[in-house]
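**Q** Starting off with a structure, shown below.
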Amino acid sequence: MSETTAMLDEAWDLSPAVALRPEPFGAMAYHFGNRKLTFLKRMPLVEVVRALADQPDVRSTLQTVGVPEAHWPGYVAALQGLAATDMIRPRVTSQANTVQKGVA
């Protein structure tokens, strides 16, 4: 399984230390912890980043936002870049929630 395919099946969230500020070109993402500033230069990418928390995985997020499947590798690469600077991070799910739902 490639890194692209693996990320598609993972749940991600915007880091709680990150603020997104809308801009005419897309958005600026500022991380208050590591003081990194990142420019998101495409509105569809901004929509993907904002929608991550509402979807079960990256694949669902891309589908919901309407990103054509042929463009997914580019979006995954952008998300991997955001993950490398802790702008987004894997969603933490507690095992207690899983046990309560009868999944464990």
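**Q** Considering the convex hull of the alpha carbon atoms of the stretch 3-100, report its projected area averaged over all viewing directions, in nm², one decimal.
**A** Numbers: hull surface 26.6 nm².
Answer in nm², one decimal: 6.6.
**Q** Within 10 Å of each candidate Cβ there may be at most 14 other Cβ atoms; applying that plus a DSSP loop requirement, which chymotrypsin sites (Phe, Trp or Tyr not before Pro) in the stretch 24-82 survive?
**A** Working: sites: Phe25, Tyr30, Phe32, Phe39, Tyr75; in loops: Phe25, Phe32.
In loop regions of the stretch 24-82 (DSSP not H, G, I, E or B), the sparsely surrounded chymotrypsin sites (Phe, Trp or Tyr not before Pro) are Phe25, Phe32.
**Q** Would you pull out the residues with amide H under 5 Å of Ile88's amide H, same chain only if 5 or more places away, H placed 1.01 Å from N?
**A** Ser15, Ala83
**Q** Is there a quick way to get the dipole size of the chain? I mean about its Cα centre, with the Cβ of Lys and Arg at +1 and of Asp and Glu at -1; what is the value in debye to the nearest 20? Present the calculation step by step, with values, prior to reporting the outcome.
**A** Working: 10 positive and 10 negative charges, 68 e Å.
It works out to roughly 320 debye.
**Q** How much length is gained if the chain between Ala51 and Phe32 is pulled fully straight, taking 0.36 nm per residue apart and subtracting their Cα-Cα distance, in nm to one decimal? All intermediate terms of the calculation are to be shown ahead of the outcome.
**A** Details: separation 19, 0.36 × 19 = 6.84 nm, distance 2.08 nm.
Length gained between Ala51 and Phe32: 4.8 nm.
**Q** Taking only DSSP H segments of four or more residues, each worth -39500 (n - 2.57), what value at 222 nm results for the chain once the sum is divided by all its residues, to the nearest 500 deg cm²/dmol?
**A** Working: 5 runs with 42 residues, N = 104.
Calculated mean residue ellipticity at 222 nm is -11000 deg cm²/dmol.
**Q** Given the Cα-Cα distance of Asp13 and Gln80 and 0.36 nm per residue of separation, how much length would full extension add, in nm? Can you show the working numbers first?
**A** On the way: separation 67, 0.36 × 67 = 24.12 nm, distance 1.24 nm.
So the extension gain works out to 22.9 nm.
**Q** Run the simple label-point estimate for Glu23 and Phe39 please: 7 Å along Cα→C-beta, distance reported in nm.
**A** Using points 7 Å along Cα→Cβ, the separation is 0.5 nm.
Bear in mind that the values in this text are calculations on the coordinates, not laboratory data. Bear in mind that the values here come from a model prediction, so they are computed numbers and not experimental data. As a convention, Cβ positions derive from the backbone with ideal geometry for all residues, glycine included, and neighbour counts pool all protein chains shown.
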